[in-house]
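**Student:** My questions all concern the structure below.
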Amino acid sequence: MEVESPNPRAAATGVAEQLDGRRLERVEAVGKNLLLSFEGGLVLRSHLRMSGRWTVRDREASDGASKATRRVTHGRPWLVLRGSGREAVLWGGPVLELNERAVRRLGPDILARPPDLDRMVVNMRRIDQGREVGDALLDQRLVAGIGNLWKAEALWASALSPWRPLAETTDEQIRAALAEAARLMRRSVDSGREQRSIYRKVGRPCPRCRTAIQSRGQGDANRTAYWCPSCQPWKRGVRRPDA
Ligand SMILES: [Zn+2]
């Protein structure tokens, strides 16, 4: 396997140098993470966020195709894995992490049958309890696979505020939010449809109580949280501590 990283930001990670010449042994999806196992025990974890994507193309077509694709994606690929006949190309600024512990550092998969909710709750209790529930649900080391959409939907369905610190929640509340995420995501995967109640519905009435849905960036990545201030109070009767 030939490996190169044309994008300068990706090249700075040194990932390509470490993988070049190694055989790709296994590819598996855990939630939204793609884990690529190379010989020698190296595991590349790729999380696509909103902008990243993998494309696979014939190797001989790569010269012509790369020019055409470059215009569409506005940049150079993050990583190119080149086999004898085909090549896989990673576009857009995703999370790239290479180490032997990448697999173990991921939390249990929310789409497992059944999902290990007990383990996820234990993981949530092992971190700083000042962190907000909505932020913790997106932490792939605690639970793998929940994205921004299902975080919003699961917290609304379980009537828990994304802004509530873990210290102010019970295990049952966290477990209920995780169970809702698993149920809603499984239903979406099985049906091929996304039924949204509040995600990207700022100002629209809450389907449960008709209060206007609110939104605001949350966490280090400032990803937009959506919530109903009436159904999902920060505390009983309190909409937000700073509101
Ligand atoms: Zn409501």
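**Student:** Could you tell me whether the stretch 16-36 includes any residue that is charged (D, E, K, R) and either open to solvent by less than 60 Å² (accessible area, probe 1.4 Å) or modelled with pLDDT under 75 (or both)?
**Tutor:** Within the stretch 16-36, the first condition is being charged (D, E, K, R), and the residues that meet it are 17, 20, 22-23, 25-26, 28, 32.
Within this subset, residues satisfying the condition of being either open to solvent by less than 60 Å² (accessible area, probe 1.4 Å) or modelled with pLDDT under 75 (or both) are 32.
Yes, the stretch 16-36 contains a residue that is charged (D, E, K, R) and either open to solvent by less than 60 Å² (accessible area, probe 1.4 Å) or modelled with pLDDT under 75 (or both).
**Student:** What number goes with the only condition from (1) open to solvent by 80 Å² or more (accessible area, probe 1.4 Å); (2) away from the ligand (no atom under 13 Å from the Cβ) that ALA179 does not pass?
**Tutor:** (1)
**Student:** Then there's this: So which of ARG204, ARG236 ends up being within 15 Å of the ligand (Cβ to nearest atom), modelled with pLDDT of 95 or more, over 20 Å from ASP135 (Cα atoms) and open to solvent by 30 Å² or more (accessible area, probe 1.4 Å)? Before you say what the answer is, go through the steps one by one.
**Tutor:** Numbers: ARG236 fails: modelled with pLDDT of 95 or more.
Just one listed residue meets the conditions, ARG204.
**Student:** For the stretch 221-230, indicate whether the set of residues that are under 24 Å from ASP116 (Cβ atoms) and either within 11 Å of the ligand (Cβ to nearest atom) or outside any loop (DSSP other than H, G, I, E, B) (or both) is non-empty. Talk me through it step by step, then tell me what you get.
**Tutor:** The initial filter retains those residues of the stretch 221-230 that are under 24 Å from ASP116 (Cβ atoms), namely none.
Scanning the stretch 221-230, I find no residue that is under 24 Å from ASP116 (Cβ atoms) and either within 11 Å of the ligand (Cβ to nearest atom) or outside any loop (DSSP other than H, G, I, E, B) (or both), so the answer is no.
**Student:** Suppose we keep only residues that are within 16 Å of the ligand (Cβ to nearest atom) and in a loop (DSSP other than H, G, I, E, B) within the stretch 207-220. Which one would you say is nearest to the chain's Cα centre (by Cα)?
**Tutor:** ILE213
**Student:** If you don't mind, there's one more thing I want to ask. Go through the stretch 1-41 residue by residue and tally those that are touching a Pro at 6+ places or on another chain (Cβ under 7 Å) and of a type outside the set (S, T, N, Q).
**Tutor:** To start, the set of residues in the stretch 1-41 that are touching a Pro at 6+ places or on another chain (Cβ under 7 Å) comprises 6-7.
Remaining after also requiring of a type outside the set (S, T, N, Q): 6.
Count: 1.
The values are calculated or read from the model by the stated rules, or taken from the named source; none is laboratory data. Here the structure is a predicted model, which means the values were calculated and not measured. With ideal geometry, Cβ positions are generated from the backbone for all residues, glycine too; neighbour counts draw on all protein chains shown. Please note that ligands, DNA and RNA were not included when accessible areas were found on the heavy atoms of the full protein model with its side chains. Shrake-Rupley method; radii C 1.70, N 1.55, O 1.52, S 1.80 Å.
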